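Right, I'll just put the structure down here and ask away after.
The values are calculated or read from the model by the stated rules, or taken from the named source; none is laboratory data. Since the model is a prediction, treat every value here as computed from it, not as a measurement. Ideal geometry is used to build each Cβ from the backbone, glycine not excepted, and the neighbour counts take in all protein chains shown. The protein model used for the area step is the full one, side chains on, heavy atoms only, and it has no ligands, DNA or RNA in it. Shrake-Rupley method; radii C 1.70, N 1.55, O 1.52, S 1.80 Å.
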Amino acid sequence: QVQLVESGGGLVQAGGSLRLSCAASGGTFGSYSMAWFRQAQGKEREFVATVTWSSSSTIYADSVKGRFSIYRNNDKNTVYLQMNSLKPDDTAVYYCAAGRGRPYTAQATYDYWGQGTQVTVSP
């Protein structure tokens, strides 16, 4: 059983940056692909980014490509999401998730989820 705890959310002005962290415990962190998803109010949860267990591959949603960066530190059991050039449309609750298998962008691939952290981007 893997427990995931996100942190780093908050309120930021458009054009600003935030770094989200997700600390894992209770499992073999290094064996899981890790992903970030987000859910804006009134919308379905959507894929943001993922990184494979070895960091050999990353995938990004088109909407964040070039602005967000996902990376992990297996020694610290933590995955990060660096978010730059934030836009009001990035406002959402951000969730990290751990899973094995494919496809990497599908919610069903991920077995473990955090509680989420709120990111609000003001105009």
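Relative contact order for the chain using alpha-carbon pairs under 8 Å, separation at least 6, rounded to a whole percent?
It comes to 35 percent, rounded to a whole number.
Explain nothing, just the number: dipole magnitude of the chain about its Cα centre with +1 on each Lys and Arg Cβ and -1 on each Asp and Glu Cβ, in debye rounded to the nearest 20.
It works out to roughly 140 debye.
On to the next question. Run the reach check for K65 against lysines, Cα to Cα strictly under 23 Å, same-chain hits fewer than 8 apart removed. What comes back?
By straight Cα distance, K65 reaches K43, K87.
Let me know the charge dipole size of the range 60-123 about its Cα centre in debye, to the nearest 20, where only the beta-carbon of Lys, Arg (+1) and Asp, Glu (-1) is charged.
160 debye
What does the accessible area per residue of the range 8-107 come to in Å², with a 1.4 Å probe and no ligands, DNA or RNA counted?
49 Å²
Towards the positive end of the charge dipole of the range 18-123, with charges on Cβ (+1 Lys, Arg; -1 Asp, Glu), say which of Y104, N73, L20 has the farthest Cα.
Projecting each Cα onto the dipole axis, the largest value belongs to N73.
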